[in-house]
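This report concerns only the one structure given below.
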């Protein structure tokens, strides 16, 4: 049975799009009761990815409230009376215009905690941005291809969960309430650390500079070879009967069988090789 350390805690989320809802969904898994407040137009995620939106909001109470109206703000204030943690993803200036700045909230609800997901760290919290621009700023893009992983959004969500847990624990230990800002740009920056240190640079060990850690074309698709540790690298060369393998020699060998066949072979020989999903085709693709 999964532990639910946040059972009996109440969370109100004003966050839309991905990072906030993903954070709220994780807090729900940990046992928190979550009320999601959406604007009258709803959460854009419901249109962009309906099934994903449904999974992120499952088990939550979803309310449509116009926070630009007095009645809407009154309804939110009523919710916050019983709330432990407020989760937001609007820019701080926008929240301040609604009377929801942290200082105002703390004065009205002395036990309330807040995790605010923002784009950039202080003092740039009010600058606009999205996952794409945060990755761009950290050198994580490969134009003209768009990223397949939203690392700033997902990484930021995980940081927000940790911050929420830390705030709740601190309050329970008598350290008072608090407010934490989680920067999505900082999340992208965290993911860029291996690149800055050369690991995933083009000539780096994990960026193409080592033949044992590489993508290879097969007879019908691609495989990922991750024979990074010496035991795997030696084992790969031994099982293929290749001495001092290069990327070129390995590529020649891997083209002789299908991706699935190589994955099965690797499993039999305890080697880390996986099919690159979405790349396989039948042999007619190659004439």
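Just so you know, all these numbers are worked out from the coordinates, no wet-lab data involved. As the structure is a computational prediction, the values presented were derived from the model and not from experiment. Positions of Cβ are generated from backbone atoms using ideal geometry, with glycine treated the same way; all protein chains shown enter the neighbour counts.
Before moving on, here are some points about what is shown:
- Using the Cβ-Cβ distance between residue 103 and residue 201 with R0 = 45 Å, the FRET efficiency computed as 1/(1 + (r/R0)^6) comes to roughly 0.55.
- Estimated translational D of the range 88-199 in µm²/s (Stokes, Kirkwood radius over Cα pairs; 4 °C; 1.567 mPa s): 85
- The range 213-286 shape via C-alpha gyration tensor axes, a/c threshold 1.5: prolate
- Within the chain, percent of DSSP bridges classed antiparallel, to nearest 5: 30
- The long axis of helix 230-240 is offset from the longest Cα principal axis of the chain by roughly 40 degrees.
- Between residue 193 and residue 3, the modelled labels are 2.4 nm apart [label points 7 Å from Cα along Cα→Cβ].
- Axis of helix 259-268 versus longest Cα principal axis of the chain: the two differ by about 90°, to the nearest ten degrees.
- Calculated P(r) tail over 23 Å for the range 19-161, as whole % of Cα pairs: 40
- The ellipsoid equivalent to the alpha-carbon distribution of the chain has semi-axes of 47, 19, 19 angstrom, derived from the gyration tensor eigenvalues as √(5λ) and listed largest first.
- Calculated FRET efficiency for the pair residue 69/residue 162, C-beta based, R₀ 30 Å, to 0.05: 0.30
- Each of the peptides 80-92, 141-153, 223-235 was scored by the mean count of other Cβ atoms within 10 Å over its residues; in descending order, highest first, they stand as 80-92, 223-235, 141-153.
- In this calculation the C-beta distance from residue 55 to residue 238 is compared with R0 = 35 Å, giving a FRET efficiency of 0.20.
- Report summary: the helix-based calculation at 222 nm, which adds -39500 (n - 2.57) for every DSSP H run with n ≥ 4 and divides by the residues of the chain, gives -11500 deg cm²/dmol.
- The long axis of helix 70-80 is offset from the longest Cα principal axis of the chain by roughly 70 degrees.
- Label-point gap, in nm, between residue 111 and residue 229 - each point 7 angstrom along Cα→Cβ: 4.9
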